[in-house]
Amino acid sequence: MLQSSLDAIIVIDETASIVEFNPAAERMYGFKRSDILGKDLIETIVPSFYRKGYATGAEYMKGRGAPMVGQRMETVTQTASGEVFPIELTVTEMHVADRRFFFGSMRDLREKRRAEEEINRQRERLHQNEKMAAMGSLLAGVSHELNNPLAVVVAQSTLLHEFAPDAQTK
């Protein structure tokens, strides 16, 4: 199940040493499983701005990480190249024999965020188009209201020009 999961799955022990890293995690993070196993969580996928104040991943899990257990939350992580990106994270604590493990399931939210941004851009564009259409209707109404009295003035001046008794009036 770990190997075929579409979500990245990382399992760490109580010292925050990575003990499992599935193929989806390899694709998401850009680390090879063989290179990352045994590494400290904080030195690999935790963004540098979250590392401040924590010497090891174990301290991080006691501090910032502990409230994550049993929760579904949105946070950020970082790839092997240092790119920070949003994820949906679910962490579950497991006890096997006398050891504690933390099972993390991560879902990449970059595509979802791009789609949300595109929807917002489209919504803003639609709003602008609606405002322009309303302004066009208003201008058409004002133009119509002005044209009616102006048409009378033009007609009267044309009649005056045609039937004026003298050149000065014309």
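In this structure, does residue 68 turn out to be touching a residue at least 60 places away in the same chain (Cβ under 8 Å) and either touching a Cys at 6+ places or on another chain (Cβ under 7 Å) or hydrophobic (A, V, I, L, M, F, W, C) (or both)?
Spelling it out, it is not the case that residue 68 is touching a residue at least 60 places away in the same chain (Cβ under 8 Å) and either touching a Cys at 6+ places or on another chain (Cβ under 7 Å) or hydrophobic (A, V, I, L, M, F, W, C) (or both).
Filter the range 74-88 down to the residues that are assigned to a strand (DSSP E or B) and either in contact with a Phe, Trp or Tyr (Cβ under 6 Å, 6 or more places away or on another chain) or closer than 20 Å to residue 16 by Cβ (or both) and list them by number.
Selection gives 75, 76, 77, 78, 84, 87.
Quick one: in the range 21-57, which of the residues that are part of a helix (DSSP H, G or I) and among the basic types (Lys, Arg) is least open to solvent (accessible area, probe 1.4 Å)?
51
Which of the numbered conditions does residue 71 fail, given that it passes all the others? Conditions: (1) surrounded by fewer than 19 Cβ atoms within 10 Å (Cβ to Cβ); (2) closer than 17 Å to residue 2 by Cβ; (3) not hydrophobic (A, V, I, L, M, F, W, C).
(2)
Among the residues of the range 89-110, is any open to solvent by 70 Å² or more (accessible area, probe 1.4 Å), modelled with pLDDT of 90 or more, more than 23 Å from residue 15 (Cα to Cα) and not in a helix (DSSP H, G or I)?
Yes: the range 89-110 contains one or more residues that are open to solvent by 70 Å² or more (accessible area, probe 1.4 Å), modelled with pLDDT of 90 or more, more than 23 Å from residue 15 (Cα to Cα) and not in a helix (DSSP H, G or I).
Given the structure, is residue 135 farther than 16 Å from residue 13 by Cα, at pLDDT 90 or above and open to solvent by 60 Å² or more (accessible area, probe 1.4 Å)?
Considered against the rule, which asks whether it is farther than 16 Å from residue 13 by Cα, at pLDDT 90 or above and open to solvent by 60 Å² or more (accessible area, probe 1.4 Å), residue 135 comes out as yes.
Only one of these is outside any helix (DSSP H, G or I) and under 24 Å from the mean Cα position of the chain (by Cα): 18, 9. Name it.
9
Of all residues in the range 74-126, which are among the aliphatic types (A, V, I, L, M) and under 15 Å from the mean Cα position of the chain (by Cα)?
Once the filter is applied, which keeps residues that are among the aliphatic types (A, V, I, L, M) and under 15 Å from the mean Cα position of the chain (by Cα), the range 74-126 yields 76, 84, 87, 109, 115, 119.
Which of (1) open to solvent by less than 90 Å² (accessible area, probe 1.4 Å); (2) closer than 30 Å to residue 13 by Cβ; (3) under 22 Å from the mean Cα position of the chain (by Cα) is the odd one out, the single condition residue 63 does not satisfy?
Residue 63 satisfies all of (1) open to solvent by less than 90 Å² (accessible area, probe 1.4 Å); (2) closer than 30 Å to residue 13 by Cβ; (3) under 22 Å from the mean Cα position of the chain (by Cα) except (3).
The values are calculated or read from the model by the stated rules, or taken from the named source; none is laboratory data. Because the structure is a prediction, the values reported are computed rather than measured. Backbone-built Cβ (ideal geometry, glycine too); neighbour counts: all protein chains shown. Ligands, DNA and RNA are excluded from the accessible area calculation, which covers all protein heavy atoms including side chains. Shrake-Rupley method; radii C 1.70, N 1.55, O 1.52, S 1.80 Å.
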